[in-house]
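Note sheet for the following structure.
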Amino acid sequence: MAGDKSSKFLMDVFELEDFLKNPPVDFTVDVGGTGSRFVKYDCDRCSVFINEIQTAKGKVIFQNSPGRAIKVHTPKDYMQVRKNITSKRIYILVSACKGAPKSKKRKDSEALRALRQYIVAIDGNNPVIKWEIEKGLDWTISSVAGESYRVDIDLGNIVNSWMGETFRIPVDGQKVKPVWKNTYFTLKYYSDALFDCSHWLGGSRRQIKIHGR
């Protein structure tokens, strides 16, 4: 995805450190006095949903990023977020993990060890992706009208499709097929309802799985 700002693309994947060493168009990386790296980007072209990252080389902070979760309180706020993510390039941080045998004493999340981190970029304005996001968000609103809700926009399927079944990561002399984690970002809508039991009990949680093409 380097080079031409006007070039069309569906998706790209960068190893985190490669992204920071050679940031793509619309991004710059500055190193602070403490060694933290501050990533700036063009907010008119990019929607970044990445929390502060702690790496072996120090913190990485994407300035102006709301993190993995976007909170809205009014229909107007929701419409603005909907417009942003379907008109810009979307960037999230995902983890390639090594699976471990499941144990009765260990949760599934604890059985995965992160091998590498990648930044995934997709074109939210791509007709197929835009349609999938808008359709999923509209369905969520219609199914939880008047309630608070949470919807995860999951890129896991498109990441798996892009990387392919043969993708492996070298680990201790072996080539490991990774398990992809944290492949989503979240929209949280809070209504004015005082006792929104369905939301707090998990009844208003939805997921949109993006497939692309």
Considering residues of the range 140-170 that are within 13 Å of Tyr189 (Cα to Cα) and part of a loop (DSSP other than H, G, I, E, B) only, the residue nearest to the chain's Cα centre (by Cα): Ser148
Unmet criterion (only one of (1) at positive phi; (2) modelled with pLDDT of 95 or more) for Phe27: (1)
Out of Ser6, Ser47, sole residue that is hydroxyl-bearing (Ser, Thr, Tyr) and either modelled with pLDDT of 95 or more or under 19 Å from Gln117 (Cα atoms) (or both): Ser47
Failed criterion for Ser143 (all others in (1) surrounded by fewer than 18 Cβ atoms within 10 Å (Cβ to Cβ); (2) modelled with pLDDT of 90 or more hold): (2)
Within the range 171-190, considering residues that are within 24 Å of the chain's Cα centre (by Cα), of a type in the set (Lys, Arg) and part of a strand (DSSP E or B), the one nearest to Gln117 (Cα to Cα): Lys181
Selection from the range 56-90 of residues that are in contact with a helix residue (DSSP H, G or I) (Cβ under 9 Å, 6 or more places away or on another chain), free of Cβ contacts under 8 Å to residues at least 60 places away in the same chain and part of a strand (DSSP E or B): Val60
Single unsatisfied condition, Gly212 versus (1) modelled with pLDDT of 90 or more; (2) in a loop (DSSP other than H, G, I, E, B); (3) buried (at least 16 other Cβ atoms within 10 Å of the Cβ): (1)
Residue match in the range 109-121 (condition: at pLDDT below 95, farther than 28 Å from Pro24 by Cα and among the polar types (S, T, N, Q)): yes
Number of the exception - Gly35 against (1) surrounded by 12 or more Cβ atoms within 10 Å (Cβ to Cβ); (2) touching a strand residue (DSSP E or B) at 6+ places or on another chain (Cβ under 7 Å); (3) in contact (Cβ under 8 Å) with a residue 12 or more places away in the chain: (1)
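Kindly indicate whether Gln80 is over 25 Å from Ile210 (Cβ atoms), surrounded by fewer than 14 Cβ atoms within 10 Å (Cβ to Cβ) and touching a strand residue (DSSP E or B) at 6+ places or on another chain (Cβ under 9 Å).
In short, no.
The values are calculated or read from the model by the stated rules, or taken from the named source; none is laboratory data. Predicted, not measured: the structure shown is a model, and the values here were computed from it. FYI the Cβ positions are ideal-geometry reconstructions off the backbone, even for glycines, and counts take in every protein chain you see.
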